[in-house]
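Each remark here refers to the structure printed beneath this line.
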């Protein structure tokens, strides 16, 4: 009798261990093979000239030297982690190519940037080839966050790139802050030439891309006005997947434009919440392409968004560059 109980216990234990092993094996790990192609650029974005210029300016030899040094100085981190961070840094460089002001909001991504700068001559050559001038890195010593700068960063990022779970983890929560209502008014009323001069850095390679962004912002402001005429509080689709999040940028514009002072009260109903809410993999750098879609009907916004916001910055998704390290 006792022998039977022992055998049954062994069998159950073996089955449990097998299930756990299977779950671990099926868990999508942070792997460089999962990095989206072409920097995860969204369809129809006219970015090819800028992307080609970036790759040519960086060069394989330079990146290899950066990787080797980074991994030597961070022995606990893997090559996969480096490649994911470099992936996000390249996206940051593209934004730096087109925006007048591009704060660095990620400590993780910033660490790779610091390593690049250690190769002084090669970094200077890269900067001049890609930007036509030195891309300086100066930490932002202001302890207060720059919410409107972060909001504009989020908007531009979401127009160009897929937002993966690693993006959300590295940069901190997206769409957490309202866009400056004066900027939205400016995009509504000012001609394209004025907006391009005011908010962007134009060169022969990025002109079409910048014109694309200006038209996107103008269109979304117009759409927000149309939505407001139908429903003063707006009705939007609540997404449950990582990837293209341009629909959330429209949510951000709508509530920034009409409810700036109460932005998060309304935006949190639709905003994609902290990835850690859906999978424990966030804090251990596990890559996931999708999340729970169980968000409908929660009109109270009870998903518990825990991104960096003011003094509430805590957890792994909040970096020391959360208030913006300016370049």
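Values in this text are rule-based calculations from the coordinates and carry no lab data. Keep in mind that what you see is a predicted model, and the values were worked out from it rather than measured. All Cβ positions, glycine included, derive from the backbone under ideal geometry; neighbour counts span all protein chains shown.
Is it true that residue 213 is in contact with a strand residue (DSSP E or B) (Cβ under 8 Å, 6 or more places away or on another chain), part of a helix (DSSP H, G or I) and under 24 Å from residue 45 (Cβ atoms)?
Considered against the rule, which asks whether it is in contact with a strand residue (DSSP E or B) (Cβ under 8 Å, 6 or more places away or on another chain), part of a helix (DSSP H, G or I) and under 24 Å from residue 45 (Cβ atoms), residue 213 comes out as yes.
What's the number of the condition residue 115 fails, among (1) surrounded by fewer than 22 Cβ atoms within 10 Å (Cβ to Cβ); (2) over 23 Å from residue 42 (Cβ atoms); (3) in contact with a helix residue (DSSP H, G or I) (Cβ under 8 Å, 6 or more places away or on another chain)?
For residue 115, the failing item is (1).
Counting only residues that are farther than 19 Å from residue 169 by Cα and under 23 Å from the mean Cα position of the chain (by Cα), how many does the stretch 75-101 have?
Step one: list which residues in the stretch 75-101 are farther than 19 Å from residue 169 by Cα, which gives 75, 94, 96-101.
Those still in the list that are under 23 Å from the mean Cα position of the chain (by Cα) too: 94, 96-101.
Here the count works out to 7.
Run residue 231 past the list (1) crowded, with 16+ Cβ neighbours inside 10 Å; (2) without any contact (Cβ under 8 Å) to a residue 40 or more places away in the chain and report the number of the one that doesn't hold.
(1)
Among the residues of the stretch 164-183, which ones are farther than 16 Å from residue 93 by Cα, out of contact with any strand residue (DSSP E or B) (no Cβ under 7 Å at 6 or more places or on another chain) and crowded, with 22+ Cβ neighbours inside 10 Å?
Result: 164, 165, 166, 168, 169, 172, 173, 175, 176, 177, 178, 179.
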